[in-house]
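Sharing a structure, written as structure tokens. Questions coming.
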Amino acid sequence: MSFKRNLVKARSHIVFILAVISAFGLVASLDNLSSANAPERLPAVTNHLDYALSQAYPLAAPRKLTATEKRWADIAWRYFENNTVTRTGLVNSVDGYTATTMWDTA
């Protein structure tokens, strides 16, 4: 009787363990499936979406910055020079405020 009661008490742990085992099995089978059915010749890019987008929207030829764009770039770079924390290598999210978030870093 106590074994049944303990199984009922442990049901959430049992479900979690079964879910982890199932997820591992699914990942392993998908990994084998994708490598077995891979085409022999792929384009020289790793991401098919990037490849499709690069075909649909080719990049413009590089050009020199205008004087105004160069000034903008210098001002932006000065912010990084003034607000980089040398101990961490991170850049402050606000001028003079020594903190940042992943949102600000991105």
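Name every residue in the range 89-106 that is in contact with a Phe, Trp or Tyr (Cβ under 8 Å, 6 or more places away or on another chain) and surrounded by fewer than 10 Cβ atoms within 10 Å (Cβ to Cβ), in order of residue number.
Passing the criteria: only 95.
Considering the range 50-88 alone, what residues qualify as being of a type in the set (Gly, Ala, Ser), loosely packed, with under 11 Cβ neighbours inside 10 Å, assigned to a helix (DSSP H, G or I) and within 28 Å of the chain's Cα centre (by Cα)?
56, 76, listed by residue number.
Among the residues of the range 16-34, are any at pLDDT below 85, of a type in the set (Ser, Thr, Tyr), open to solvent by 100 Å² or more (accessible area, probe 1.4 Å) and within 24 Å of the chain's Cα centre (by Cα)?
No; the residues of the range 16-34 include none that is at pLDDT below 85, of a type in the set (Ser, Thr, Tyr), open to solvent by 100 Å² or more (accessible area, probe 1.4 Å) and within 24 Å of the chain's Cα centre (by Cα).
The values are calculated or read from the model by the stated rules, or taken from the named source; none is laboratory data. Everything numeric here is computed off the predicted structure, so don't read it as measured data. With ideal geometry, Cβ positions are generated from the backbone for all residues, glycine too; neighbour counts draw on all protein chains shown. Just so you know, the surface numbers come from the protein's heavy atoms only, side chains and all, with ligands and any DNA or RNA stripped out. Shrake-Rupley method; radii C 1.70, N 1.55, O 1.52, S 1.80 Å.
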